[in-house]
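*Asks:* I have a structure here, written as structure tokens, and I will follow up with some questions on it.
The values are calculated or read from the model by the stated rules, or taken from the named source; none is laboratory data. Note that the coordinates shown come from a computational prediction; the quantities given were computed from them, not determined experimentally. No Cβ is skipped: glycine too gets one built from the backbone with ideal geometry, and neighbour counts run over all protein chains shown.
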Amino acid sequence: MQNFTIMGRFRFFLIDIIRGTSIIKVLKELRRQQFLPAEQLELIRQQKLDHLFKLAQSTTDYYSQFKSYHELPILTKDIITSNFNGIISRSFKEKLVRKTTGGSTAEPFAYYSTRQSQSYL
């Protein structure tokens, strides 16, 4: 993790401890991948997408109705709201972080995020 000062590392370490995130691990992964050839990045992306869809298909009621991710509709607030319990994975056992939008265009929208997602933010 070049370019990190000792204070910078310590700051991320503290954030990881307090929030339960893994920012340092995510940064290492992103730095390792940033200069990979486009073809290799595409392969990584496709593998992650295939894995994610199979996992969602086998652990949620909502995604189990689709045979391929190509069939998936674009998720809207209405779809998520009306299928909320069916979208949450039965196998996910980690703590979820509740987030809400500001509601500037309508009602505030509540959703859940993982600690890993928070690390990428």
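*Asks:* Among the candidates 25, 54, 77, which residue alone is closer than 30 Å to residue 13 by Cα and out of contact with any strand residue (DSSP E or B) (no Cβ under 7 Å at 6 or more places or on another chain)?
*Replies:* Details: 54 fails: closer than 30 Å to residue 13 by Cα; 77 fails: closer than 30 Å to residue 13 by Cα.
Of the residues listed, the single one that is closer than 30 Å to residue 13 by Cα and out of contact with any strand residue (DSSP E or B) (no Cβ under 7 Å at 6 or more places or on another chain) is 25.
*Asks:* Does the range 12-46 hold any residues that are at pLDDT 80 or above and among the charged types (D, E, K, R), and which are they?
*Replies:* Of everything in the range 12-46, those that are at pLDDT 80 or above and among the charged types (D, E, K, R) turn out to be 25, 28, 29, 31, 32, 39, 42, 45.
*Asks:* Inspect the range 46-55 for any residue being hydrophobic (A, V, I, L, M, F, W, C) and farther than 24 Å from residue 118 by Cβ and give the result as yes or no. Walk me through how you get there before you give the answer.
*Replies:* Here is the first cut: in the range 46-55, the residues hydrophobic (A, V, I, L, M, F, W, C) are 49, 52-53, 55.
From what is left, the residues that are farther than 24 Å from residue 118 by Cβ are none.
Scanning the range 46-55, I find no residue that is hydrophobic (A, V, I, L, M, F, W, C) and farther than 24 Å from residue 118 by Cβ, so the answer is no.
*Asks:* Here is a further query. Does residue 96 count as in contact with a strand residue (DSSP E or B) (Cβ under 7 Å, 6 or more places away or on another chain) and within 22 Å of residue 22 (Cα to Cα)?
*Replies:* So residue 96 passes the test.
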